[in-house]
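Working notes, beginning with the structure itself.
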Amino acid sequence: MSDETLSKLRIDKGAISERGTSRKKRIVITGVLILLVLFSILYISGIIVRRTAVRVTVVRKIYPSQSITVLNASGYVVAQRKAAVASKITGRIISISVEEGNEVRKGDVLARLENEDAVAAARQATANLELARAEREKAKAELHDALLSRNRKKELLQNELVSQGDYDAADARYKKAVAGLASADAAIKAAEAALRSAEVTVEYANIRAPFDAVVLTKNADIGDIVTPIGAAAEAKAAVVTIAAMNSLQAEVDVSESSLTYVKVGQPCEIYLDALPDTRFQGVVHMIVPTADRTRASVLVKVKFLEEDSRILPEMSAKVAFLERPLNPKEFMSRIAVHEKSVVKRNGKTIVFLVTENYAEERPIKTGDVFDEMVEILDGLSVGDKIVLQPPESLKDGTKIAIIEE
């Protein structure tokens, strides 16, 4: 076979490679075109929707005072009248009349100590007083008899029927009776003083409230021994701790650099962590005239203008110092949103409410403006999520993607 014939029978590998590459290209292009057509069909039919990226804010409750607050400080509620009620004598508790949270009036008995010895001493003092009074009656009768005897002797002496010695003896008896009556009077006073002392000792066994208050803690119980100083082993000093609830004040620390924003009589608003939905009106009662060098702060006491049974000592408190007093309309909280979330569309004031992954156009009615916040009178509730700075392309029903911040 000739070389020419053999060359015709030889396979051209380059041609085969070019045909294979061309075929792959056609397959890829065909696949891409199919995907584009499929995507277009899905997009037009609404199955695939392009999402609009938006930022979200929350509808929240605000207080108008936030716009006129010049300084905020934190601290605690402290009772200005507080006492650890103890006994003036050592004794064992035989009864306790109160529990934590009970209201007591000045003079109410909080607890009693055993006092049999004091009661016995008081009874003895009472008997001594009765004896002294009886002795006075005896001395009084003796004085009366001595006076009559002296007067008779005096008349008889004038008629020279008795001697001068007899009269002098009657006169001496009279003077002795006068002294005896004076002694009996003094004995009665001494017995009365002893009885009062014994009665006071008996009263020491009654532990009474020194002022109107509420019982905060009970530090001892029946059977415990209490002493005035609590130095004995297993002895207690205070029986109960009480506080006058009408003396509660918020004590907050104000930094030295911010003290110029605070003055006595300045209106304040107090809010407690335990009562987040309630604001209490207050006024600066005192700026304590000393600083804490470790914290570079000054203690400021803020008085509650109204009492509330929900306010308790040692609750954490925050105080907003206001630039002016609030008017009645500013006491209540308002529902508000950021002003940049409110837009005008077709003559209507609207926001875009976030419902799942869609923006829902929601008409609203607005009220007052507080700094960057706009009051919502109707259309939204606290906690609703709405679009912040909605773009012009955002429409009702637009699918959105929330930008996490």
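The values are calculated or read from the model by the stated rules, or taken from the named source; none is laboratory data. Remember, it's a predicted structure, so these values are computed and weren't measured experimentally. Cβ: placed from backbone, ideal geometry, glycine included. Neighbour counts: every protein chain shown.
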Would it be correct to say that ALA73 is in contact (Cβ under 8 Å) with a residue 12 or more places away in the chain and in contact with a Pro (Cβ under 9 Å, 6 or more places away or on another chain)?
no
For the stretch 67-79, which residues satisfy the criterion of being surrounded by fewer than 16 Cβ atoms within 10 Å (Cβ to Cβ) and of a type outside the set (Ser, Thr, Tyr)?
VAL70, ASN72
Would you check if VAL354 is at pLDDT below 90 and either on the phi < 0 side of the Ramachandran plot or part of a strand (DSSP E or B) (or both)?
yes
Does ARG123 satisfy the condition of being among the basic types (Lys, Arg) and under 53 Å from the mean Cα position of the chain (by Cα)?
yes
Output yes when any residue across the stretch 156-166 is outside any helix (DSSP H, G or I), within 49 Å of the chain's Cα centre (by Cα) and not hydrophobic (A, V, I, L, M, F, W, C), and no when none is.
no
When residues of the stretch 373-405 are limited to those that are among the polar types (S, T, N, Q) and closer than 14 Å to THR355 by Cα, the one surrounded by the fewest Cβ atoms within 10 Å (Cβ to Cβ):
SER381
I'd like the full set of residues that are under 10 Å from the mean Cα position of the chain (by Cα) and part of a loop (DSSP other than H, G, I, E, B), limited to the stretch 309-332.
SER309, ARG310, ILE311, LEU312, PRO313, GLU314, MET315
Residues to consider are THR126, THR57; find the one that is at pLDDT below 90 and either of a type in the set (Val, Ile, Thr) or part of a helix (DSSP H, G or I) (or both).
THR57
Pick out the one residue from ALA177, ALA193, ALA205, ALA184 that is surrounded by fewer than 16 Cβ atoms within 10 Å (Cβ to Cβ) and over 30 Å from the mean Cα position of the chain (by Cα).
ALA193
Tell me yes or no: at least one residue of the stretch 120-127 is touching a residue at least 60 places away in the same chain (Cβ under 8 Å), aliphatic (A, V, I, L, M) and closer than 29 Å to VAL300 by Cβ.
no
Of the residues in the stretch 284-325, those that are buried (at least 16 other Cβ atoms within 10 Å of the Cβ) and touching a Pro at 6+ places or on another chain (Cβ under 7 Å) number 1
Check LEU305 against each of (1) touching a Phe, Trp or Tyr at 6+ places or on another chain (Cβ under 9 Å); (2) at pLDDT 95 or above; (3) of a type in the set (A, V, I, L, M, F, W, C) and name the one condition it does not meet.
(2)
Which of the residues belonging to the stretch 256-274 are surrounded by 15 or more Cβ atoms within 10 Å (Cβ to Cβ) and not in a helix (DSSP H, G or I)?
VAL262, GLN266, PRO267, CYS268, GLU269, ILE270, TYR271, LEU272
